[in-house]
1. Give a residue-ordered list of calculated ³J(HN,Hα) values for segment 8-18 (Karplus: 6.51 cos²θ - 1.76 cosθ + 1.60, θ = phi - 60°; whole Hz; x for Gly, Pro).
2. Short version: ³J(HN,Hα) in whole Hz for each residue of segment 25-36, in order, from phi by Karplus 6.51 cos²θ - 1.76 cosθ + 1.60 (θ = phi - 60°), x for Gly and Pro, what are they?
3. Counting only C-alpha contacts under 8 Å and six or more residues apart, can you give the relative contact order of segment 1-94 as a whole percent?
4. Taking 0.36 nm per intervening residue step and subtracting the Cα-Cα distance, what contour gain separates Lys166 from Arg82 on full extension?
5. Taking the Cα centre of segment 1-82 as the origin, how large is its charge dipole in debye, to the nearest 20, when only Lys and Arg (+1) and Asp and Glu (-1) carry charge on their Cβ atoms?
6. Taking R0 as 25 Å, what's the FRET efficiency between Leu186 and Phe70 from their Cβ-Cβ distance, rounded to 0.05?
7. Determine the sum of side-chain charges near Ser38: Lys and Arg each +1, Asp and Glu each -1, restricted to other residues whose C-beta is under 12 angstrom from that of Ser38.
8. Can you list residues from other chains, or at least 5 along the same chain, whose modelled amide H is less than 5 Å from the amide H of Ser44?
Amino acid sequence: MSRNFTADQILTERLVINDTDAFEELYYRYWYSLYFYSLRKLHSAEDSKHIVLTIFNTLWQKRHSLPASFPLSKYLYEEGKREIIKSLSQKLVSISKQEFMEPVAITDENASLQEQRKKSDKNSFELTTQHRKLVRYVNGQAMPAEQRQIQDWPSDTKPNTYLTPKEKRHLEKKILIDIQSHTGYLLFFPKKENPWWQKIAAMF
C-alpha cells in the first residue's frame with residue numbers, strides 16, 4: 001500500500017465507488033489515534049480495539065451515504081467519543097444492576113418492594129448523573145478549565161506510548177483483518193491486481 005499523501009476528501013469520495021484501497025489508507029491514517037484515545041479513557045486494550053473495529057465497520061457500511069465535503073477526522077473523533085461513552089455507560093449499568101439485585105434484608109413484603117423501588121429510582125438518578133459526568137470526562141471537561149486543552153482531534157497521541165513498533169504493526173494488521181472479516185468487503189470488491197510489470201518493478 002502506497003503511503004503517499006492523499007487528501008481525506010479524495011479518499012472519502014473514492015469510498016462511494018467501493019475503493020478498498022482508499023478505505024484502508026484511511027484506516028492506516030487514523031486507527032492508532034482512535035485506539036490510543038480510547039485507551040487513555042477506558043484503560044482497556046480490548047475495549048479500545050473493539051471501538052476501532054466498530055467505527056471503521058460503520059464507516060464502510062455508510063460509504064454510499066456520505067455527504068459531500070464529509071469532515072472525516074471530525075466524524076471519527078465524534079464517533080470515538082460516542083463509543084467510549086457507550087462503553088463506560090454499559091459498565092455503569094452492569095455495576096448498578098448487580099447492586100440492585102442484592103437481597104434486601106426486610107421481612108415485610110410491602111416494605112421490601114418499597115425499598116427496592118426507592119433503590120431503583122436512586123439508581124436511575126445516579127446513572128443519569130454518571131452519564132453527564134462521563135460526557136464531561138470524555139470531552140476533557142473533568143479537569144479545571146485552565147488545564148484543559150481544546151482540540152478537534154486527539155492530536156496529543158505520543159507514538160508507541162503503549163505499544164512497541166512491532167506490537168503496533170501486529171495490532172494494526174489484526175484489527176484490519178477483523179474489519180475485513182466483519183464487512184467481507186474483499187469478497188465483494190476485491191482489489192485489482194497490479195500489472196505484471198509493476199510487480200517486477202516492485203522487486204527492485
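1. Residue by residue, segment 8-18 yields 3, 4, 5, 5, 5, 5, 6, 4, 4, 9, 6 Hz.
2. For segment 25-36, the Karplus curve yields 5, 5, 4, 4, 6, 10, 4, 6, 4, 5, 5, 5 Hz.
3. It rounds to 32 percent for segment 1-94.
4. 27.3 nm
5. 280
6. The formula returns an efficiency of 0.60 here.
7. Overall, the nearby charge balance is +2.
8. Amide H neighbours of Ser44: none.
Every read-out reported here was derived from the displayed coordinates using simple, explicitly stated rules and does not represent laboratory data. Here the structure is a predicted model, which is why all the values come from computation and not from measurement. A quick note on method: Cβ atoms are made from the backbone with ideal geometry, for glycine too, and the neighbour counts reach across all protein chains shown.
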